[in-house]
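Note sheet for the following structure.
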Amino acid sequence: MKLLLAVVLSLTACQRSAEFKHDQDYYKGDAQSYYSDGTGKTATQRVQDMGQPKKRVVVFDFWNDTPVKQTDLGAFAADELRRGLYLTQRVILPPDVKTEMTTEDFVQGDKVRVAQLIREGRKLGVSVIVIGRVTRIVFRQRGDDVGLFRQKQSLAAVSVELKTFDVAGGREIMASSKSGESSSNGMVAFEGSNMESPAYRAELTKLALRSAMGGAVPEVIRAIEKLAWQGRVAKVAGAKVYVNAGKASGLVVGDILRVTTPGDDIYDPTTGAFLGRTQGQLKGTVEVVDFLGTDGAVTEVHTGGNFQEADLVQLY
């Protein structure tokens, strides 16, 4: 009898142990899947990344650095990139930002005048600048050479270089080359038909530029989203601190923002080249309590003080 009881207890214990192990494995696996996505980031970091406020971006008209001097090709390429970025709904292209500057104004030889570009970006109040250069345009036709009615195919191809800059850091964050092409088929009845006219070539070239810019949009977005968002203090009125970003940018009531000094620009003492900007000193924090206008926020002092206009703000 004692032997039988011992066997029963042993089997019961083993059964409980197996069930307990199963439960432990289940909850352990569940916890791992809940708290980790394999990226090494914490849950708070992942949520913050998903909810990063949108950054203000300006795209300067591109430089048509080719012998094909169709006057509006550079502007068209920049407009296509702006349109693609806007459709992502992941950045802000401020409609109130007006400038007569183009990419060509910031290029000397093969180098970009980074210091001048960054100063212009700060003056415009944006976080990111994109410039571009159309480096090559090729147009070809192929088809029948004889006969009254001839089947012709027209082809256009373009090459474009793009650079993206972080205004706050004063540095280049992306350089890329993109190409695009387009083609059109048609019947040619006479020599010198409109398939060979400058206007027709320009239309085909614009379609190629549209293709190139469509391929550039995801790359530009990835570069922009790697940057930490930041805004600026627009006005200080007692305990109220007004920020130049709000609901449209993606801030929410209750967000805590760090306030820092803008930092200092550093230049090479020998060449005078712009090296970057130092990290500002922490002044304190503010909390978003309301919104103002189309994209402004009202905050209240949370910690610290002595906040001033043009101080930087970042998510805490």
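For this structure, a couple of remarks:
- Residue within the range 184-207 that is within 24 Å of residue 268 (Cα to Cα), at pLDDT 90 or above and hydrophobic (A, V, I, L, M, F, W, C) present: no
- One residue stands out among those in the range 84-141 that are under 30 Å from residue 181 (Cβ atoms) and of a type in the set (D, E, K, R): the one that is nearest to the chain's Cα centre (by Cα), which is 90.
- The range 80-90: number of residues that are surrounded by 15 or more Cβ atoms within 10 Å (Cβ to Cβ) and either in the same structural domain as residue 250 (by TED's automatic domain parsing) or farther than 16 Å from residue 213 by Cα (or both): 1
- Once the range 106-116 is narrowed to residues that are farther than 15 Å from residue 266 by Cα and touching a residue at least 12 places away in the same chain (Cβ under 8 Å), the residue that is surrounded by the most Cβ atoms within 10 Å (Cβ to Cβ) is 106.
- Subset of the range 126-141 [of a type outside the set (A, V, I, L, M, F, W, C) and surrounded by 17 or more Cβ atoms within 10 Å (Cβ to Cβ)]: 127, 132, 133
- Filter pass, residue 216 being part of a helix (DSSP H, G or I), of a type outside the set (Val, Ile, Thr) and more than 20 Å from the chain's Cα centre (by Cα): no
The values are calculated or read from the model by the stated rules, or taken from the named source; none is laboratory data. Computed from a prediction, not measured in an experiment: that's the story for all the values here. Positions of Cβ are generated from backbone atoms using ideal geometry, with glycine treated the same way; all protein chains shown enter the neighbour counts.
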